[in-house]
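> Sharing a structure here in structure tokens format.
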Amino acid sequence: MGQERLGILVLGWMLVIASYVYALLLIRGIFLGITQGFAGHPNPFWLVLAYLLFFALGLHLFTVGRRAISIGKGNPRSGARVGWGRMLSGALLIFSAATTQFHLLPRTRFGGQDKNQNQTESTARTVTALAVYIGGGFLIYGGISKGFRRQTAKPDLTALS
């Protein structure tokens with residue numbers, strides 16, 4: 001087994017283990033949220049949406065890890081037709097910017113209420129949020145448009161050994 005394949009294999013296993021740890025933390029958060037009644041939050045829709053996005057992130061980590069393990073073992077799977085990683089990254093960017101801008105989720109014990117000191121700071125935050133929204137939209141569009149592009153031949157990784 002060559003150095004590249006071994007590195008890909010180790011990276012794949014690290015991603016799979018990281019996705020399991022992430023899933024355990026997510027399950028713990030969901031359990032605590034349910035037992036505490038979502039901390040008295042009047043609209044739990046945003047919490048459920050956050051949990052779904054984070055679940056999708058864990059699932060994507062697991063899928064990328066499994067694909068890396070397959071490549072490291074010498075039998076690569078066919079690639080995805082849609083750029084799920086780009087779409088997920090864009091959705092997480094948009095959701096995090098919207099959460100910060102509109103205070104959709106309850107504050108944690110580490111986060112205080114952020115208030116703008118003057119008009120310049122307010123404008124800067126709005127422009128930054130708009131830039132993140134546009135960037136997230138481009139990421140989602142790029143992930144979707146990947147499915148409509150012509151598929152090119154993938155490099156043969158069996159020649160690495």
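The values are calculated or read from the model by the stated rules, or taken from the named source; none is laboratory data. Predicted model, so just to flag it, every value in this text is computed and none were measured. Cβ atoms come from the backbone with ideal geometry, glycine included; neighbour counts cover every protein chain shown.
> Restricting attention to region 65-88, and to residues there that are buried (at least 18 other Cβ atoms within 10 Å of the Cβ) and closer than 20 Å to residue 149 by Cβ, which single residue is modelled with the lowest pLDDT?
Ranking the candidates gives 83 first.
> Do you know which residues across region 47-62 are in contact (Cβ under 8 Å) with a residue 12 or more places away in the chain and of a type outside the set (Phe, Trp, Tyr)? I'd like the intermediate steps shown before the answer.
Of region 47-62, the ones in contact (Cβ under 8 Å) with a residue 12 or more places away in the chain are 47, 49-51, 53-62.
The answer is 47, 49, 50, 53, 56, 57, 58, 59, 60, 61.
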